[in-house]
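Just below is one structure, and these are the notes that go with it.
No lab work stands behind these numbers, since they all come straight from the coordinates. These figures come from a predicted structure and were not determined experimentally. Neighbour counts are summed over all protein chains in view; Cβ atoms, including those assigned to glycine, are modelled from backbone coordinates with ideal geometry.
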Amino acid sequence: MTDTALTDTAFIHAALTAARPQAMGALLRYFRDLDTAEEAYQEACLRALKSWPQKGPPRDPVAWLILVGRNAALDGKRRAARDAPLPPDAAISDLDDIEAPMAERLDGAHYRDDVLRLLFICCHPELPHTQQIALALRVVSGLSVKQIARAFLVSEAAMEQRITRAKARIAKAEVPFEAPGAVERAERFQTVAAMIYLVFNEGYSAAADPARAGLCEDAIRLARLLLRLFPAEPEIMGLLALLLLQHARARARFDAAGEPVLLDAQDRTLWDRERIIEGLALVDKALRHRAPGPYQVQAAIAATHGRAARAEDTDWAQIDALYAALEFMRPSPVVTLNRAVAVSKVKGPEAALAMIAPLEGPLSGYFHFHGAKGAFLLQLERNAEAKVAFDTAISLAGTAAEASQIRRYLDQAAGDSAAKKGGGDVGPGPADAS
Amino acid sequence: MMYAILCYHEEDVVCAWTKEQDDAVMARLAVVQERLTKEGRMGASLRLLPTSAATTLRKSQEPPLVIDGPFAETKEQLLGFYLVDADDLDGALEIARALGEANPGGALEVRPVGLFVPDMRQGAKS
């Protein structure tokens with residue numbers, strides 16, 4: 001039963017990825033230094049790759065990695081201190097029965113705070129967002145510097161430097177190692193949730209590029225981890241649901257040529273049903289808590305789209321109401337712009353234009369504003385004005401794909417009598433939570 | 001005799017599989033299941049969503065308490081099960097071995113079924 005896709009090494013790598021946050025979290029608690037913890041974990045992984053294929057994986061891979069990593073790092077220190085001989089490798093190649101329950105006791109109780117600390121360190125307020133994301137992907141998700149560099153379209157050397165700088169800042173900052181209180185925990189999870197959402201958006205905004213699209217999966221993994229730490233926190237359920245529901249559309253969001261496909265025009269059979277079902281289940285669970293928050297509302301919006309088998313089945317009145325709730329919680333011109341798209345479907349393009357009129361100033365430099373405005377005008381057959389809005393949008397387009405999306409509208413504005421009805425879905429992606 | 005084969009695995013590990021790894025496992029399982037179905041030994045099977053989607057009704061008090069999460073916080077989680085038909089435990093274990101070979105890691109619990117009520121809804125999906 002051998003299969004190249006199923007070599008042991010691939011599955012050992014999956015086990016190491018899964019064990020990483022907890023093992024790294026515990027090693028960080030022992031050594032109180034990110035670099036030492038990382039080296040210790042790296043060494044433990046190398047030994048795992050050597051020993052597990054022969055002996056089979058240990059019963060408790062996390063405990064194994066923590067103990068082997070800790071011992072390896074301590075050996076390293078001792079060796080550096082007095083050149084003492086090392087114990088034979090086989091002696092620490094698996095836990096014996098006395099050590100296993102000890103590791104369990106040591107680390108089971110600390111699991112939650114260890115992992116949360118690890119996540120929290122990456123979102124230290126002194127770090128700019130770009131460094132937070134890079135550090136989390138390196139330290140928690142275990143991506144290589146090369147992978148992260150490719151995802152952020154910078155050179156490996158530049159990314160290396162970015163991560164080194166982030167670590168240096170953290171080393172200087174005060175990182176609390178005692179178990180946090182309830183209030184502090186709650187603050188930490190908010191910070192971590194925001195960082196995870198940023199990671200997701202990095203991938204989502206460039207989903208046609210496979211190197212970057214992987215970031216969405218990484219963000220989903222991190223959100224799962226966070227929900228494991230706070231299983232009864234509705235906003236974390238909302239966050240994971242939001243990411244799952246958005247990412248479920250990944251295969252339908254771009255056509256074969258890499259051009260973006262608007263929500264209305266997407267082939268919904270390409271949507272990932274399993275992700276949608278999980279997202280809907282989490283929204284459902286979160287709503288029971290009757291403690292709404294921005295992630296839950298955004299997830300509910302994505303869920304409303306997810307429930308519609310065809311674009312014309314979309315409950316736009318519900319989406320309008322949800323955006324109204326989001327406007328109340330997190331007032332922002334971008335949220336209002338998104339709401340206007342729903343309003344155009346429920347009350348027509350005139351009402352939508354009236355709604356976005358006050359946004360002309362704050363969003364004057366925002367691609368999606370002019371795209372949406374043009375689409376509303378086009379629906380009203382005010383083609384000349386639509387053309388002006390589309391021209392402005394093109395001048396602000398960040399990518400070639402964005403520009404070509406608008407050019408298709410321009411073609412319509414230029415006199416295509418069969419102008420498509422129901423356009424105007426030029427709404428921003430999920431990046432409107434900030 | 002009907003047996004339930006309960007599939008336990010660390011869901012963190014299963015979630016860390018790449019899409020290709022997951023698809024490869026499911027494809028291998030499909031081959032085994034197809035063979036067992038032809039032999040009249042495979043009944044219904046299902047794969048559960050992660051435990052983060054689970055809710056537990058605790059009946060230790062009145063009214064029962066609704067708790068987010070699975071019944072038990074364990075290292076390995078119940079991720080799905082198969083219903084199979086076998087003459088005896090040896091037969092059930094043979095099926096479990098075949099399923100296990102297609103699906104790396106974790107554990108399979110073989111449990112005889114005491115009462116089996118099939119899905120009687122009109123047009124129920126089998």
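Points to keep in mind about this one:
- Look at the alpha carbon pairs under 8 Å that are at least 6 residues apart: their mean separation over the length of the range A:111-229 gives a relative contact order of 29 percent.
- Packing order of peptides A:237-248, A:334-345, highest average first: A:237-248, A:334-345 (average count of other Cβ atoms within 10 Å over each peptide's residues).
- Peptide B:16-23 shows a mean partner chain C-beta count of 5 within 10 Å per residue C-beta.
- Label-to-label distance, A:E350 versus B:L46, with points set 7 angstrom from Cα along the beta-carbon direction: 5.2 nm.
- Over the range B:2-93: Kirkwood hydrodynamic radius from C-alpha pairwise inverse distances, Å: 15.4 Å
- Computed from the C-beta positions of A:V388 and B:T18 and an R0 of 35 Å, the FRET efficiency is 0.15 to the nearest 0.05.
- Inter-site label distance for A:R273 and A:A173 at 7 Å from Cα along Cβ, in nm: 4.5 nm
- Chain A - Rg (one decimal) and Dmax (whole number), Cα, Å: 24.9, 85
- For chain A, the longest principal axis of the C-alpha atoms and the axis of helix A:383-396 are separated by about 20°.
- On Cα atoms only, tilt of A:129-139 relative to the major axis of chain A in degrees: 40 degrees
- Length added when fully stretched, A:L262-A:S395, from 0.36 nm per residue minus Cα-Cα: 45.9 nm
- For A:K167, the aspartates and glutamates whose Cα falls under 17 Å of its own Cα, not counting residues fewer than eight places away in the same chain, are A:D33, A:D35, A:E38, A:E39, A:E126, A:E156.
- Across chain A, the mean sequence separation of Cα contacts (distance under 8 Å, 6 or more residues apart), normalised by length, yields a relative contact order of 9 percent.
- Length-normalised contact order for chain B - Cα pairs under 8 Å, 6+ apart - percent: 45 percent
- Global geometry of the range A:111-229, whether rounded, prolate or oblate, following the gyration tensor of its Cα atoms and the 1.5 cut on a/c: oblate
- With respect to chain A, whose longest principal axis is taken over its alpha-carbon atoms, helix A:99-108 is tilted by about 40°.
- Look at where the Cα atoms of the range A:38-64 and of the range B:1-31 average out, and the two centres are 23 Å apart.
- Here's the list of lysines a cross-link from A:K387 could span, going by alpha-carbon distance under 24 Å and ignoring same-chain residues fewer than 8 apart: A:K345, A:K347, A:K373, A:K420, A:K421.
- A:E126-B:V117 pseudo-label distance in nm [points 7 Å out on the Cα-to-Cβ vector]: 6.3 nm
- Computed E for B:R97/A:W316 - FRET, C-beta separation, R0 56 angstrom, nearest 0.05: 0.60
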